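Enquirer: Can you read through this structure? Questions will come right after.
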Amino acid sequence: MDQPPDRSKRPWKFSTFVYSSSILCLLLSIFLLGFTTTDLYKIKSLRFTFTANRIYNYLQFFPGFYNGTPKSNSETLNTSSHCVLWMAPFLSSGGYSSEAWSYILSLRHHLSRKPRFRITIEHHGDLESVEFWNGLAKETKEVAIEMYRTQCTPNETIVVCHSEPGAWYPPLFETLPCPPTGYEDFLSVIGRTMFETDRVNPEHVERCNQMDHVWVPSEFHVSSFVQSGVDSSKVVKIVQPVDVTFFDPSKYEPLDLMAIADLVLGSGTRNSGLGFVFLSVFKWEQRKGWDVLLKAYLREFSGEDNVALFLLTNAYHSDSDFGNKILDFVEELNIEEPRNGYPFVYVIDKHIAQVDLPPLYKAADAFVLPTRGEGWGRPIVEAMAMSLPVIATNWSGPTEYLTEQNGYPLVVEEMSEVKEGPFEGHQWAEPSVDKLRVLMRHVMSNPDEAKVRGKRGRDDMVQNFAPEVVAKIVADQIESIFDEKIRT
């Protein structure tokens, strides 16, 4: 049987030296210059302080830092020393960030009843966002600080690289590498990732195959990753949790949408309040199908319908002049303005703190997202957890949880080629504009049926994707890896 590698004889990786030295220099300059006043500093100093400590801890295993004799896995591992280093974009907004938070918070609660391993976290894979950090609940920030302070040593640690493969060691852009010192220095390395198209790029396939395990969120991804060339023995389906306690409609009053939204289209007289409210949440990019949504909505409804569409969006490699983008798009569509005017379209482009998301969903009557492809579809499951009837494309990530019983799957008319960006040449879905028109009218006209499906959607989220359910799946996977390493 192969012996574990002798870490005392492995050369010190230059990337670790450069990264840790830059961190220490930055800390020194911060302390000397007294640069201590901004929220950004608070976030970065927290990150850098613990990163420096952790990398110093790793360097004990390299020449000049570690003088002992490395022990075998079976000699060094015990229940109290088991550790998981979870590296993800914890300090930024976005899908990977929210998913990573959902995993570690649910795992922490799960392990509080029966500690099986420790967890430490590290920001990796994206830029920090002060707004996002400030929008987190106080308790969540306290958990983050506590987990940052947990110290682990490489030969007793499983690393989870929770990001797109371009951020994995060696990273293709500036970020803390994951794993920090390469693949050989840890017990095991897991890549958690996903894609929104029909395949995985060859270079990402190669990076996935460097991992010991690759976790993906759905059967759709298991199939697309294996068909693309990722070793089938490495690919494991691990679904994403949704915090059904936080996203619980019984706990909240509706958010005042008019106080945060800007009117873009519609000039008729509102009947009583806003009427029927459709909500969509997305980044402003073609993949999200905002064009499909506007086509269907503007062709199906008019000012005489007591209806409003609210778009919560943010820029994605573009400017944030969404109102004019919509007006330009409507002009290009050449849709003649109805006699009673266009139906109301509102844009919310302000940052909505995490704590305000449940009231936002509570203010809507239905959620709609005619996406061309999703890794998972975080806003979709959040809306389902809030008992909203959901209309979403029946392809990619949502096929793992969206059914005719708990929502309104939108038919795919055809597959189309991605024309630009990193996935150029891949295929994704083109949802049917005509079927979307039918579904939006149907949901609005049949509110009792829609509420029944919305309630079923929440029930399914509670039963299959609640944090405690998914935490057990993840903990069992991790524990099985530790058990395997102890046996070897």
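Coordinate-derived values only; no laboratory data. Note that this is a predicted model, so its numbers are computed, not measured. No Cβ is skipped: glycine too gets one built from the backbone with ideal geometry, and neighbour counts run over all protein chains shown.
Enquirer: Could you give the length gained on full extension between His109 and Val205, defined as 0.36 nm per residue of separation minus the Cα-Cα distance, in nm?
Expert: Full extension of this stretch gives 31.2 nm more.
Enquirer: Once both labels are modelled 7 Å past Cα along the beta-carbon direction, what's the Gln151-Ser228 spacing in nm?
Expert: 3.9
Enquirer: Pull out a ≥ b ≥ c, the square roots of the eigenvalues of the alpha-carbon gyration tensor of region 302-352, then state rounded if a/c is under 1.5, prolate if not and a/b is larger than b/c, and oblate in the remaining case.
Expert: The shape class here is oblate.
Enquirer: Could you pull out the trypsin sites (Lys or Arg not before Pro) across region 410-455 that fall in loop regions by DSSP (anything but H, G, I, E, B) with no more than 13 other Cβ atoms inside 10 Å?
Expert: Sites meeting the loop and neighbour criteria: Lys419.
Enquirer: Count charges around Leu255 for me, please; just the other residues with Cβ under 11 Å from its Cβ, Lys/Arg as +1, Asp/Glu as -1.
Expert: Around Leu255, the charge tally is -2.
Enquirer: For every other residue with a beta carbon closer than 14 angstrom to the beta carbon of Arg339, add +1 if it is Lys or Arg and -1 if Asp or Glu, then tell me the sum.
Expert: For residues surrounding Arg339, the net value is -4.
Enquirer: Still on this structure, please answer the following. Among the trypsin sites (Lys or Arg not before Pro) in region 223-300, which ones are in a DSSP loop with at most 15 other Cβ atoms within 10 Å of the Cβ? Mind listing them?
Expert: Arg270
Enquirer: What is the gain in length, in nm to one decimal, between Asp248 and Lys350 on full extension, counting 0.36 nm per residue of separation less the C-alpha to C-alpha distance?
Expert: The span from Asp248 to Lys350 would gain 34.4 nm if fully extended.
Enquirer: Further, regarding this structure: 7 Å from Cα along Cα→Cβ at both Asp483 and Val411: what's the point-to-point distance in nm?
Expert: Distance between label points: 4.7 nm.
Enquirer: Let me ask another. Is the C-alpha gyration tensor of region 81-205 telling us rounded, prolate or oblate? Criteria: a/c under 1.5 is rounded; beyond that, a/b larger than b/c is prolate, otherwise oblate.
Expert: Cα axes put region 81-205 in the oblate bin.
Enquirer: To the nearest 0.05, how large is the calculated FRET efficiency for Asp448 and Leu263 if R₀ is 25 Å and r is the Cβ-Cβ distance?
Expert: 0.25
Enquirer: Here's something else I'd like to know. Can you give the net charge of the other residues whose Cβ lies under 15 Å from the Cβ of Trp101, counting K and R as +1 and D and E as -1?
Expert: -4
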